[in-house]
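Notes follow the structure.
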Amino acid sequence: MEGKLVGRTALVTGGSRGIGKAIAEGFAKEGAQLVINGRDIKVLEASAQYIRETYGVPVLPIAADVTDEYQVKMMVAEAEAFGPVDVLVNNAGVHIASSFLEYTFMDFKNVIESNVYSVFHVTQAALVHMVKREYGRVINLASTAGKWGSRNQSAYNASKHAVVGITRCLALEMAPHNILVNAVCPWVVDTDMAKGFMSEHSKALGVGEEELAEKMNASTPLGRLIKPREVAGLAVYLASDDASYINGQAWTVDGGYTMI
Ligand SMILES: NC(=O)c1ccc[n+]([C@@H]2O[C@H](COP(=O)([O-])OP(=O)(O)OC[C@H]3O[C@@H](n4cnc5c(N)ncnc54)[C@H](OP(=O)(O)O)[C@@H]3O)[C@@H](O)[C@H]2O)c1
């Protein structure tokens with residue numbers, strides 16, 4: 001088999017759906033063997049089977065909640081036994097919209113735990129092994145929300161700013177170990193999460209969902225949302241040897257919506 005990732009093993013959290021699944025497919029096309037994660041075992045196993053059959057690479061599905069330190073330790077140990085894990089994609093995440101004054105502490109905490117503490121748990125567990133092997137790639141799914149402010153999603157933006165911050169600090173700490181750490185920052189990608197937050201935002205703004213979708217499309221240079229595979233291409237590049245001097249960057253994927 002030929003491909004830029006032949007001989008590599010990648011662990012993609014939240015690899016059962018959406019952007020994570022597209023990244024897993026992008027890696028599989030380039031010959032990587034995969035560990036994919038999510039909580040819903042049925043969806044996870046169906047995706048693993050689909051990727052195995054379509055791309056002919058080994059895929060290990062591991063159901064685990066990435067906010068739970070113990071489950072993460074078990075997941076990384078199992079992945080290492082299958083792997084070892086050369087590439088980690090911290091992709092699992094959630095979005096809950098609310099105006100700041102109406103956020104419940106539970107929702108705010110859920111977003112921070114799911115999007116930030118998860119990155120802490122999984123990355124720390126995986127880095128121990130990468131450091132020993134003096135090789136690794138860590139790719140964190142942040143967002144344009146990690147670079148700017150947005151109405152009605154202060155928890156989400158705070159979490160993604162944190163992911164960008166962790167990426168930059170780890171890039172400095174890990175470079176001496178030949179481990180590169182980058183973040184990917186997409187604008188709105190057409191996934192279940194986007195459908196959820198479009199619906200939440202339309203309620204918060206008092207605008208119909210269709211009208212909101214039309215306005216969002218019209219506001220972008222390409223006139224449409226991002227497709228998950230359009231994020232996956234960048235992740236494949238960052239995981240490959242082509243990106244061997246790329247470190248500590250937060251890559252915007254927004255079709256030119258912003259120039260930051
Ligand atoms: N869609 C966008 O517009 C957009 C834009 C910028 C950045 N992002 C970021 O990109 C990443 C993926 O987003 P997406 O749109 O693909 O989301 P999605 O369609 O909702 O998929 C989320 C994935 O994460 C998993 N997941 C969520 N919480 C988890 C947990 N605690 N433990 C384990 N798995 C968990 C889900 O599986 P289970 O539900 O089975 O657990 C699923 O596989 C997120 O970090 C998101 O913030 C998304």
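The values are calculated or read from the model by the stated rules, or taken from the named source; none is laboratory data. Model, not experiment: these values are computed from the prediction. Methodologically, a virtual Cβ is constructed for each residue, glycine included, from the backbone with ideal geometry; neighbour enumeration extends over all protein chains shown.
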**Prompt:** Restricting attention to the range 65-87, and to residues there that are within 14 Å of the ligand (Cβ to nearest atom) and buried (at least 23 other Cβ atoms within 10 Å of the Cβ), which single residue is farthest from A158 (Cα to Cα)?
**Reply:** A79
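When you look at V128, is it under 30 Å from G7 (Cβ atoms) and in contact with a helix residue (DSSP H, G or I) (Cβ under 9 Å, 6 or more places away or on another chain), yes or no?
Numbers: under 30 Å from G7 (Cβ atoms): yes; in contact with a helix residue (DSSP H, G or I) (Cβ under 9 Å, 6 or more places away or on another chain): yes.
It is true that V128 is under 30 Å from G7 (Cβ atoms) and in contact with a helix residue (DSSP H, G or I) (Cβ under 9 Å, 6 or more places away or on another chain).
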**Prompt:** Here are some residues: A235, A194, A175, A183. Which one is closer than 19 Å to G136 by Cα, part of a helix (DSSP H, G or I) and within 12 Å of the ligand (Cβ to nearest atom)?
**Reply:** A235
**Message:** Of everything in the range 140-154, what is of a type outside the set (S, T, N, Q), touching a His at 6+ places or on another chain (Cβ under 9 Å) and more than 8 Å from the ligand (Cβ to nearest atom)? Give them in sequence order.
**Reply:** G146, K147, R151
**Message:** Quick check on my filter: what residues within the range 229-241 are in contact with a strand residue (DSSP E or B) (Cβ under 6 Å, 6 or more places away or on another chain) and either without any contact (Cβ under 8 Å) to a residue 12 or more places away in the chain or not small (G, A, S) (or both)?
**Reply:** V231, L234, L238
**Message:** Which residue is surrounded by the fewest Cβ atoms within 10 Å (Cβ to Cβ), if the candidates are limited to the range 88-105 and must be more than 15 Å from L205 (Cβ to Cβ) and among the aromatic types (F, W, Y)?
**Reply:** F105
**Prompt:** Does A32 qualify as being of a type outside the set (D, E), within 18 Å of the chain's Cα centre (by Cα) and more than 26 Å from H95 (Cβ to Cβ)?
**Reply:** yes
**Prompt:** Taking the range 208-260, which residues are over 18 Å from M193 (Cβ atoms) and among the acidic types (D, E)?
**Reply:** E210, E211, E214, D241, D242
**Message:** So if I check each of N217, N152, which one is among the polar types (S, T, N, Q) and either at pLDDT 95 or above or touching a strand residue (DSSP E or B) at 6+ places or on another chain (Cβ under 9 Å) (or both)?
**Reply:** N152
**Per-region count, the range 199-235, residues among the hydrophobic types (A, V, I, L, M, F, W, C) and more than 21 Å from A22 (Cα to Cα)** = 7
**Request:** Scan the range 38-95 residue by residue and report those that are within 19 Å of L5 (Cβ to Cβ) and free of Cβ contacts under 8 Å to residues at least 12 places away in the same chain.
**Result:** Y50, R52, E53
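Of the residues V163, V207, V184, V116, only one is touching a residue at least 40 places away in the same chain (Cβ under 8 Å) and surrounded by fewer than 23 Cβ atoms within 10 Å (Cβ to Cβ); which? Give the derivation first.
Values: V163 fails: surrounded by fewer than 23 Cβ atoms within 10 Å (Cβ to Cβ); V207 fails: touching a residue at least 40 places away in the same chain (Cβ under 8 Å); V184 fails: surrounded by fewer than 23 Cβ atoms within 10 Å (Cβ to Cβ).
One residue alone meets the criteria, V116.
So how many residues does the range 89-129 have that are β-branched (V, I, T) and either touching a Lys or Arg at 6+ places or on another chain (Cβ under 7 Å) or away from the ligand (no atom under 15 Å from the Cβ) (or both)?
Residues meeting the conditions: 2.
Residue check: is S16 of a type outside the set (D, E, K, R), within 14 Å of the ligand (Cβ to nearest atom) and closer than 24 Å to V253 by Cα?
Values: of a type outside the set (D, E, K, R): yes; within 14 Å of the ligand (Cβ to nearest atom): yes; closer than 24 Å to V253 by Cα: yes.
The answer is yes for S16.
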**Residue under evaluation I246, criteria (1) closer than 19 Å to K147 by Cβ; (2) buried (at least 17 other Cβ atoms within 10 Å of the Cβ), criterion not met** = (2)
